[in-house]
1. When you check residue 130 against the structure, is it farther than 30 Å from residue 55 by Cβ, out of contact with any helix residue (DSSP H, G or I) (no Cβ under 9 Å at 6 or more places or on another chain) and modelled with pLDDT under 95, yes or no?
2. For residue 95, all conditions in the list (1) over 29 Å from residue 21 (Cα atoms); (2) crowded, with 21+ Cβ neighbours inside 10 Å hold save one; what is the number of the exception?
3. Looking at (1) under 27 Å from residue 57 (Cβ atoms); (2) not in a loop (DSSP other than H, G, I, E, B), can you tell me which one residue 85 breaks?
4. Can you tell me which residue in region 1-22 is least open to solvent (accessible area, probe 1.4 Å), limited to those that are more than 16 Å from the chain's Cα centre (by Cα) and either modelled with pLDDT of 95 or more or not acidic (Asp, Glu) (or both)?
5. Does residue 24 fit the bill of being out of contact with any helix residue (DSSP H, G or I) (no Cβ under 7 Å at 6 or more places or on another chain) and part of a loop (DSSP other than H, G, I, E, B)?
6. For region 138-215, which strands (runs of 3 or more DSSP E) that fit wholly inside it have 2 or more residues that are open to solvent by 10 Å² or more (accessible area, probe 1.4 Å) and either of a type in the set (D, E, K, R) or free of Cβ contacts under 8 Å to residues at least 24 places away in the same chain (or both)?
7. For residue 113, indicate whether it is under 13 Å from residue 13 (Cα atoms) and at pLDDT 95 or above.
8. Look through 32, 82 and report the one residue that is modelled with pLDDT of 95 or more and either within 23 Å of residue 145 (Cβ to Cβ) or in contact with a helix residue (DSSP H, G or I) (Cβ under 9 Å, 6 or more places away or on another chain) (or both).
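The values are calculated or read from the model by the stated rules, or taken from the named source; none is laboratory data. Remember, predicted model here, so these are calculated numbers, not experimental data. All Cβ positions, glycine included, derive from the backbone under ideal geometry; neighbour counts span all protein chains shown. Surface areas here come from the heavy atoms of the whole protein model, side chains and all, with no ligands, DNA or RNA. Shrake-Rupley method; radii C 1.70, N 1.55, O 1.52, S 1.80 Å.
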Amino acid sequence: MYDDDVLRRWQRGWSQAREWTDYAEVDGVIVVRIGEPDRRVEYLTTEQHATTAARMAHTDANPAGSSWLKITTTSPSRVAAVLHPLELIRTERLLTISLSDQPASQVPGSYELEVSAMPGLIDVELRTDGKTAASGRMSVLGADAVADVIYTAPPHRRRGLAHAVMTALADAALDQGATTGLLSASAEGLPLYESLNWSPVADLVVGRTGLLSGG
């Protein structure tokens, strides 16, 4: 059984990275009030409380399609049955690593590395010809560092830029006292993190209220 506290730790860092400050835990469900037109609220919890989270999404007053859920599980199909008729968007993977175990990668010679770090928040860019080729963000909360929005522009992919971004983020997080990395990976991003020795904690089922019916 996975440690459900990992979800809380990841959520706090993820919310900090996105600058979402309005969140609280209600009946085992973390309620993050985002306020964006297409994402008013996000409910995060473990499979144990999936029914409660689904009920919250179904009964809140938000417009159709704007109440989202993330549920950790060892069986995405089992959670899908609980969430029906909510719309299932995708399944991500919650990952972790000891930051010192992540292999280091050099910045390719034609790119310049820019690191902007303040206490608790790190931004990294790789630039060439004055344009951003790759970027990423990591928030730091105590010993935890949560990676988010890791991106490489299409013309610059398959050149090792994401590896270099992750190296710079991990180094800066270690400098701030973090020891453990956490992140949520899409199916597309998973091979990158697996190549960097990140390990799975749980699947993360992502859903939302249907676009044709209210929350």
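1. yes
2. Residue 95 satisfies every listed condition except (1).
3. Unmet for residue 85, out of (1) under 27 Å from residue 57 (Cβ atoms); (2) not in a loop (DSSP other than H, G, I, E, B): (2).
4. Looking at the filtered set, the residue picked out is 2.
5. no
6. On the way: elements: 144-152, 180-185, 199-208.
Because the criterion is at least 2 residues that are open to solvent by 10 Å² or more (accessible area, probe 1.4 Å) and either of a type in the set (D, E, K, R) or free of Cβ contacts under 8 Å to residues at least 24 places away in the same chain (or both), the strands (runs of 3 or more DSSP E) in region 138-215 that meet it are 144-152, 199-208.
7. No: the conditions fail for residue 113.
8. Only one candidate qualifies: 32.
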